[in-house]
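Below is one structure, written out as structure tokens, with a few remarks after it.
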Amino acid sequence: MTTYRNFIDGAWTDSDSGDLFENRNPADRDDLIGLFQKSTRADMRRAIDAAHRAYPAWRLVPAPRRAELLFRAAQLIAERKDLLARDMTREMGKVLAETRGDVQEAIDMTFFIAGEGRRQYGQTVPSELRDKFAMSIRQPVGVCGVITPWNFPMAIPSWKIIPALVCGNTVVLKPAMLTPLSAVNFVKILEEAGLPRGVVNLVTGSGDDVGAELTAAPQVGVVSFTGSTGVGRSVAVDAAPSFKKVHLEMGGKNVIIILDDANLELAVDGCLWGGFGTTGQRCTAASRVVVHEKVYRAFLEQFAARARRLTIGDGLDPSVQVGPLVSQGQLDTVTRYVQIGIAEGARLVAGGHPLSTGTHAKGCFHEPTIFADVAPAMRVAQEEIFGPVVSVIPCASYDEAIQIGNGVQYGLSASIYTQDVNRAFSAMRDLYTGIFYVNAPTIGAEVHLPFGGTKATGNGHREAGTAALDVFSEWKSVYVDFSGRLQRAQIDTADL
Ligand code: NAD
């Protein structure tokens with residue numbers, strides 16, 4: 001059995017604790033993938049110190065040179081795409097086509113952001129005074145703490161680490177305990193690409209210990225966190241006393257709206273992919289579908305019939321469409337929410353049960369599940385379940401659909417199916433989310449546009465796109481006076 005180590009100051013090292021945790025395949029709990037370090041706060045402090053020591057030299061490496069290492073890393077990820085995807089399916093369950101997509105997202109992001117090594121544009125503006133030059137430049141923040149969830153085990157670390165590095169910061173990564181192997185694989189590639197010692201560090205272990213230590217550490221200049229809203233709130237609180245920058249990407253309860261003129265077949269395709277892709281474990285998953293009453297019955301029949309036909313099983317099997325939940329805990333959450341939905345009076349029209357016999361006996365499987373006639377205030381329509389459960393809600397008008405769409409605490413992604421361009425543009429304006437789709441489901445973001453959400457999904461930052469640079473750098477405005485005399489802005493205004 002392989003034991004994996006932390007990566008601190010350029011060396012793969014054991015934790016002080018001497019304790020390890022297991023990483024098991026959720027499609028087959030007998031399959032033990034490896035043992036990982038259950039690290040201590042002291043391990044985390046050593047990693048932060050290493051990143052702190054590496055920062056002064058790394059910050060002075062010209063950004064295009066830093067980017068060359070990142071281009072090399074992107075190339076290495078591309079060469080190993082299939083192996084990396086297989087490891088990921090084995091450790092977290094989603095089907096191979098999707099883990100290949102996850103790795104591809106890391107490749108795309110790394111190539112895209114490496115290009116920023118030669119851009120990172122600032123502004124050059126005319127000064128209001130004679131013989132004076134005015135511009136803004138980006139400067140790095142220092143040590144970046146990166147805390148990531150298990151559902152995109154390589155894509156999400158890449159969204160944070162690569163922009164942090166291109167801006168000249170050093171990094172400490174704390175990945176989710178359910179997906180440490182993909183984090184190790186990613187960091188090994190960065191090491192192989194030639195990053196200097198201490199520039200990237202990896203510490204595995206529990207959020208309450210090593211995650212909280214990273215968040216609170218005074219030497220850390222920015223914490224970038226993706227995970228649940230509850231934990232995000234505690235990250236914000238822990239980070240507040242040291243006034244560090246905090247970037248939070250949190251939960252979602254995303255909506256697909258289907259109007260009476262929608263192409264229903266296309267809408268059903270979108271709801272299946274949006275609701276049950278990644279077994280519903282995407283922050284952008286379409287867990288609510290709001291359908292105009294004129295097409296409600298027809299939509300529901302097709303949607304339920306097709307959901308019942310989805311093949312559930314081990315994601316390594318190419319014929320499987322829906323993999324397991326990531327863990328027994330996640331399966332228990334889904335089972336509990338199905339009971340809550342039934343107790344609230346929602347009508348179960350597909351699925352509703354865990355699968356525990358035959359090929360499903362050793363894994364964390366659950367049927368794709370659809371509730372119909374859901375009222376917008378029900379818990380299954382309000383709370384993030386993070387599993388293959390979709391709530392279908394009837395509506396009588398566009399206005400009502402928008403009201404239901406916006407009527408949750410989250411604001412990540414929304415979509416509308418309609419042939420009416422006026423309605424599509426109105427919805428684009430009226431739904432208060434960070435991401436919006438027309439005639440496509442709520443999932444499918446591309447790396448070169450900003451990604452993030454409003455309300456309880458985010459705290460105003462965005463990752464991906466060039467917006468990512470704003471998280472990992474700070475603006476410095478620079479004035480160069482070459483007049484040889486004292487000039488006073490806003491005061492010496494008479495001199496034309
Ligand atoms: P989680 O909040 O349980 O954990 C996320 C990370 O935080 C893990 O690495 C965990 O160990 C760490 N952590 C836990 N407690 C901590 C603490 N006190 N201090 C510091 N770190 C701590 O989330 P999860 O179950 O891994 O992921 C699922 C959640 O992530 C869902 O809510 C989903 O919506 C969200 N998510 C959001 C996005 C987005 O971009 N908005 C993307 C993917 C997932």
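Observations
- Considering each residue of region 343-363 in turn, none proves to be within 27 Å of L264 (Cα to Cα), within 27 Å of the chain's Cα centre (by Cα) and buried (at least 24 other Cβ atoms within 10 Å of the Cβ).
- Check on R429, buried (at least 17 other Cβ atoms within 10 Å of the Cβ) and among the basic types (K, R): no
- As for region 58-76, it holds at least one residue that is under 21 Å from V199 (Cβ atoms), touching a residue at least 60 places away in the same chain (Cβ under 8 Å) and in contact with a strand residue (DSSP E or B) (Cβ under 6 Å, 6 or more places away or on another chain).
- Some residue of region 270-293 being touching a Pro at 6+ places or on another chain (Cβ under 7 Å) and among the charged types (D, E, K, R): yes
- In region 90-136, the residues that are open to solvent by less than 20 Å² (accessible area, probe 1.4 Å) and either β-branched (V, I, T) or assigned by TED's automatic domain parsing to the domain that holds G387 (or both): V95, T99, V103, I107, T110, I113
- Residues located in region 5-16, provided they are hydroxyl-bearing (S, T, Y) and under 11 Å from T204 (Cβ atoms): S15
- Checking region 205-226 against the condition returns a match, with at least one residue being more than 14 Å from the ligand (Cβ to nearest atom) and small (G, A, S).
- Count of residues meeting criterion [of a type outside the set (S, T, Y) and under 13 Å from the mean Cα position of the chain (by Cα)] in region 436-460: 10
- For L32: the one exception among (1) touching a strand residue (DSSP E or B) at 6+ places or on another chain (Cβ under 7 Å); (2) crowded, with 18+ Cβ neighbours inside 10 Å; (3) aliphatic (A, V, I, L, M): (2)
- Scanning region 258-267 for any residue that is within 16 Å of the ligand (Cβ to nearest atom) and polar (S, T, N, Q) turns up nothing.
- Test: residue in region 457-474 that is open to solvent by 40 Å² or more (accessible area, probe 1.4 Å), over 30 Å from I257 (Cα atoms) and in contact (Cβ under 8 Å) with a residue 60 or more places away in the chain: yes
- Residue satisfying condition, being away from the ligand (no atom under 16 Å from the Cβ) and in contact with a Ser or Thr (Cβ under 7 Å, 6 or more places away or on another chain), within set P140, P175, P180: P140
- Residues that are farther than 19 Å from L412 by Cβ, of a type in the set (A, V, I, L, M, F, W, C) and out of contact with any strand residue (DSSP E or B) (no Cβ under 6 Å at 6 or more places or on another chain) within region 252-301 comprise L264, L266, V268, L272, V295, A298, listed in sequence order.
- Strands (runs of 3 or more DSSP E) fully within region 390-496 that include at least 2 residues being touching a helix residue (DSSP H, G or I) at 6+ places or on another chain (Cβ under 6 Å) and at negative phi: 413-417, 435-438.
- The one condition from (1) away from the ligand (no atom under 16 Å from the Cβ); (2) surrounded by fewer than 19 Cβ atoms within 10 Å (Cβ to Cβ) that R379 does not meet is (1).
- Pairs are defined by a Cβ separation below 6 Å, a sequence spacing of at least 6 or placement on different chains, a first member in region 264-293 that is at pLDDT 95 or above and outside any helix (DSSP H, G or I), and a second member that is of a type in the set (D, E, K, R) and more than 11 Å from the ligand (Cβ to nearest atom); the pairs so defined are H292/D260.
- Test: residue in region 185-192 that is among the hydrophobic types (A, V, I, L, M, F, W, C), away from the ligand (no atom under 14 Å from the Cβ), surrounded by fewer than 24 Cβ atoms within 10 Å (Cβ to Cβ) and within 26 Å of A57 (Cα to Cα): yes
- Meets criteria (more than 25 Å from V322 (Cα to Cα) and more than 16 Å from the chain's Cα centre (by Cα)) for A267: no
- From the options T284, T311, residue that is on the phi < 0 side of the Ramachandran plot and open to solvent by 20 Å² or more (accessible area, probe 1.4 Å): T311
- Looking across region 203-220, the residues that are open to solvent by less than 20 Å² (accessible area, probe 1.4 Å) and out of contact with any Asp or Glu (no Cβ under 8 Å at 6 or more places or on another chain) come down to T204, G211, L214, A217, V220.
- The set of residues in region 230-257 that are more than 16 Å from the ligand (Cβ to nearest atom) and either open to solvent by less than 10 Å² (accessible area, probe 1.4 Å) or under 20 Å from the mean Cα position of the chain (by Cα) (or both) comprises I256, I257.
The values are calculated or read from the model by the stated rules, or taken from the named source; none is laboratory data. These numbers come from a predicted model, not from an experiment. With ideal geometry, Cβ positions are generated from the backbone for all residues, glycine too; neighbour counts draw on all protein chains shown. When the accessible area is computed, the model is the full protein with side chains, heavy atoms only, and any ligands, DNA or RNA have been set aside. Shrake-Rupley method; radii C 1.70, N 1.55, O 1.52, S 1.80 Å.
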